[in-house]
Amino acid sequence: RVKTGFLTPTVRADLDQLRAAVEGHIVSPVSKTSAWSETIIARYHSFVPEIPNIEKWFAKCAIAELALIRFLNSETTEGLATDAALLALSRIIFRVSFQDSETRYVAGPKHIPEGLALSAFAESLNTIQRRLERSAPSLQKADAKFIVADSRTEVAKDVGSASVDLIVTSPPYPNATDYHLYH
């Protein structure tokens, strides 16, 4: 949806507001205290996903910062801006985790400094917003509909006859990658 979305002034304002909120926490002197991560995790615990052995995969500071980002996103954005922010978040997860590589389900020692998730997210959000701005002129009149369904049985009810110009699929490669496990 983000790649075919149109950057309106409202979407731009939402993304700018989110970025400012995140950047405010990067430079905040509060983040320098030793109990900052625990305080943020306690305050925004509902934004920490239930991942078994989460401490094996993420440093406490990363868990706290990712929860804070999810909270700020829920408070400052909607629609395409929310989707763009979630895309920005998904782009940094591997970088701020202990996972060894994107294709190996192994945690390894990595130094994850405080502030890395926040600054990486702000950078990722900037990248996505620049791409949206660059593509805005060509997407002004675009109309895309996303259907997530089993094409063998469910798509016909959502798609009218002779109404499709392009279909993009990503077939699973069951023996190549365990998508659920790695992502």
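Each peptide in 93-101, 115-123 was scored by the mean count of other Cβ atoms within 10 Å over its residues; highest first, the order is 115-123, 93-101.
With both labels modelled 7 Å from their Cα along Cα-to-Cβ, the residue 135 to residue 107 distance reads 3.4 nm. Rounded to whole Å, the principal axis extents of the Cα atoms in region 46-102 read 32, 24, 17, largest first.
Shown here for region 47-80: GluC sites (Glu not before Pro) in loop regions (DSSP other than H, G, I, E, B) with at most 12 other Cβ atoms within 10 Å, namely 50, 78. Summarising the overall dimensions of region 1-78 from its C-alpha atoms, the Rg and Dmax are 14.5, 42 angstrom. Grouping the Cα pair distances of region 76-134 into 10 Å bins from zero gives a pair-distance distribution of 22, 43, 27, 8 percent in increasing distance order. Bridgeable lysines around residue 145 (alpha carbons under 25 Å apart, same-chain partners fewer than 8 residues away excluded): 3, 157.
With a Förster radius of 30 Å applied to the beta-carbon distance between residue 6 and residue 57, the computed FRET efficiency rounds to 0.25.
When you filter the trypsin sites (Lys or Arg not before Pro) in region 102-156 for DSSP loop state and at most 15 other Cβ atoms inside 10 Å of their Cβ, you are left with 110, 141, 145, 152. Over the chain, the hull volume per residue, using the convex hull of the C-alpha atoms, is 152 Å³.
Within straight-line reach of residue 110, meaning a Cα separation under 12 Å, sit the following aspartates and glutamates at least 8 residues removed in sequence or on another chain: 100. Taken per residue, the accessible surface of the chain reaches 65 Å², heavy atoms only and a 1.4 Å probe.
The values are calculated or read from the model by the stated rules, or taken from the named source; none is laboratory data. All figures in this text were calculated on a predicted structure; none of them were measured in a lab. Reconstructed Cβ throughout: ideal geometry from the backbone, glycine too, with neighbour counts over all protein chains shown. Ligands, DNA and RNA are stripped out before the accessible areas are found, and what is left, the full protein with its side chains, is counted by its heavy atoms. Shrake-Rupley method; radii C 1.70, N 1.55, O 1.52, S 1.80 Å.
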